[in-house]
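The values are calculated or read from the model by the stated rules, or taken from the named source; none is laboratory data. Please read all numbers here as calculations on a predicted model, not as lab measurements. Backbone-built Cβ (ideal geometry, glycine too); neighbour counts: all protein chains shown. With ligands, DNA and RNA removed, areas are computed over all heavy atoms of the protein, side chains included. Shrake-Rupley method; radii C 1.70, N 1.55, O 1.52, S 1.80 Å.
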Amino acid sequence: MVIEQAELLGIKQRFGIIGNSSRLNYALTVAAQVAPTDMTVLITGESGSGKESFSKIIHHLSPRKHGQFIAINCGAIPEGTIDSELFGHEKGAFTGAQEARKGYFEVTNGGTIFLDEVGEMPFGTQARLLRVLEYGEFIKVGSSKVQKTDVRVVAATNVNLLDAVNNGKFREDLYYRLSQVPITVPPLRERGNDIELLFRKFAIDFSERYHRKPIQLTPEAKEILLKYRFPGNIRELKNLVDRMSVMLNDRQIDGETLLEFLPQERPSLPTLYNRLGDQNNFSERDLLYKVLFEMRHDLNELKKLVHQVLQNENYGNHIIEQHQDLFNNLKDDISKQEESLESRYDSGPYFLNTKSKVGDISKESDNTYDLENIEDITLEAETSDDLSLEKKEKELIVKALKKNGNKRKYAARDLGISERTLYRKIKQYEID
Ligand SMILES: Nc1ncnc2c1ncn2[C@@H]1O[C@H](COP(=O)(O)OP(=O)(O)OP(=O)(O)O)[C@@H](O)[C@H]1O
Ligand SMILES: [Mg+2]
């Protein structure tokens with residue numbers, strides 16, 4: 001099927017898609033071409049680049065347009081319930097399953113399911129998804145009866161799924177099955193003049209909403225805007241125009257004013273800074289806490305793992321005996337680790353000047369060591385310490401949630417953790 005220019009224009013108007021860059025046009029053309037088929041589409045693109053808009057276009061241009069369209073964020077559903085959400089469960093399938101429930105694949109029969117952030121789907125669920133894609137079959141949790149359904153799947157990801165395949169986190173067979181038709185949504189920074197078109201469109205939209213004249217850019221400001229990287233893509237541009245439309249009295253925006261609204265680039269802590277620091281709401285101290293917390297967690301996890309492996313291998317106990325210090329003095333290690341980190345940053349420009357009291361814990365160290373002890377030690381260390389990293393982590397989470405209007409997805413992104421991890425931590429820290 002050939003998509004004519006006029007048809008492409010019609011699609012843009014109907015779905016409110018602004019832009020004329022060749023990569024956007026190509027992606028839209030592919031979407032329009034595959035829409036009438038039942039082929040599975042994998043949409044790849046950075047956050048805020050418009051992936052969800054593409055999934056809607058595909059559904060509404062398909063013969064399934066009168067059927068249901070359901071968008072599911074695979075990263076937001078807890079691992080324990082995702083199978084039941086997608087495929088349903090029988091009464092009594094697990095504790096709390098008082099009634100049988102239909103899953104999305106059953107209720108969307110004849111329609112389209114959009115699986116957003118499909119890379120976050122747990123491994124076990126991936127096998128169920130593969131079956132429904134290959135044979136149109138699924139089995140409810142707690143049932144043995146095979147059921148049929150006719151659902152078209154459009155999936156999206158903002159991570160490189162092939163990396164996930166190589167890391168053993170995503171099934172290779174599912175990857176190829178999902179990407180029957182791959183569509184790449186280009187990042188805004190690579191759409192050239194589309195940036196200006198979008199700016200103008202959003203400026204008009206917000207002028208109508210706030211009953212003010214639309215904001216405009218001076219040539220110098222325009223140049224700055226076109227060079228900006230837009231890590232948050234169209235969503236970021238829209239928010240920027242929204243903020244400037246509300247806050248500026250002068251409707252003519254020069255370069256200097258625009259720069260005040262753009263996040264500052266800073267040379268230190270480059271990776272984390274891009275993820276967190278550019279939001280202005282997180283201090284370097286917050287960032288360092290985050291790094292420390294992750295490091296300590298990783299180290300403890302490693303120790304547990306090594307101990308477990310050694311215990312399970314025949315030669316392991318021998319090695320444990322040879323390295324008694326490492327395992328017997330684990331409590332010392334944890335407190336020393338924290339002390340050394342503290343002193344390392346004590347005199348630094350950003351860090352703490354209060355003394356930690358975790359050293360006391362080492363006195364309680366005994367010579368017998370078992371895995372359960374590690375948990376105890378960790379807990380003890382965290383609760384008896386005024387500067388507990390856990391407390392700081394909780395603060396960071398609350399801060400990120402506040403900043404993002406309680407939207408977990410964006411808070412998780414700011415924190416550099418998955419939405420599922422954030423969900424778990426909110427529960428763990430009992431955050432409202
Ligand atoms: N070409 C476009 N023209 C106008 N608005 C657009 C365009 N593409 C996307 N948008 C708007 O930008 C916002 C972000 O788009 P969308 O939610 O589809 O992004 P996404 O890629 O799904 O992001 P995420 O990965 O964060 O879920 C939405 O408000 C959408 O309507
Ligand atoms: Mg999306």
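The distance between label points at residue 204 and residue 322 comes to 7.5 nm (points 7 Å beyond Cα on the Cα→Cβ vector).
Each residue, residue 91 and residue 23, gets one label point 7 Å from its Cα in the Cβ direction; the gap between the two is 5.5 nm.
Taking amide H positions as modeled 1.01 Å from N, with prolines and chain starts lacking one, the residues under 5 Å from residue 253 and 5 or more places away or on another chain are 216, 217, 218. At full extension, residue 99 and residue 254 could sit 49.7 nm farther apart than now, given 0.36 nm per residue minus the alpha carbon distance.
Projected over all directions and averaged, the alpha-carbon convex hull of the range 1-155 occupies 9.8 nm².
With the full set of protein chains in place, find how many percent of the accessible area of the range 189-261 is carbon and sulfur; take the probe as 1.4 Å. Carbon with sulfur: 51 percent of the solvent-accessible area.
Using a probe of 1.4 angstrom and keeping all protein chains present, the accessible surface of the range 31-185 works out to 44 square angstrom per residue. Determine, at each q value in 0.12, 0.22 (inverse angstroms), the log₁₀ of I(q)/I(0) that the Debye formula gives when each Cα of the range 189-261 is one equal point scatterer. So the normalised log intensities are -0.27, -0.96.
At the residue level, residue 305 shows approximately 100 square angstrom of accessible surface with a 1.4 angstrom probe and all protein chains present. The Stokes-Einstein estimate for the range 124-177, based on a Kirkwood radius over Cα pairs and taken at 37 °C with 0.692 mPa s viscosity, is a diffusion coefficient of 265 µm²/s.
Cross-link check: pairs 51/425; 169/303; 51/402; 102/391 evaluated at a Cα-Cα cut-off of 31 Å; pairs beyond the cut-off: 102/391.
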